[in-house]
Amino acid sequence: MSAPSERDQDARPAELANARITELEIQLAHLSRSYDQLNEVVVEQDRSVEIFKRMIKKLQSKVSDLEHATSKGDFDFSGGEATEGHEFGFDSED
């Protein structure tokens, strides 16, 4: 078996460098795909958070309205609408 020629020895580092570059390109492609997938998840979660914020705001408003109505004594607890002057939904003659 003969010793590797000088030309073969020069080609070997170039092949190794090309193999490393190829491996790095593959890893970068995987990372890029992972980044895109994570970004999609974050965007979807942001949409959900915004929906939940609006829902919470509406619920807070409803709770506030109920608290206000009950503190004034004009809320009909019989399941009907709040009526002014009819405390707890009963007529004053009862």
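Computed from the coordinates by the stated procedures, all read-outs in this text should not be read as laboratory data. From a predicted model like this one, the values you see are computed outputs, not experimental measurements. Note that each Cβ is placed from the backbone with ideal geometry, even for glycine, and that neighbours are counted across all protein chains shown.
Using the Cβ of ARG33 as centre and a radius below 15 Å, the other residues enclosed give a net charge of -3, where K and R count +1 and D and E count -1. For the stretch 4-73, would you read off the P(r) tail past 15 Å as a percentage of all alpha carbon pairs? Counting every Cα pair in the stretch 4-73, those more than 15 Å apart make up 76 percent.
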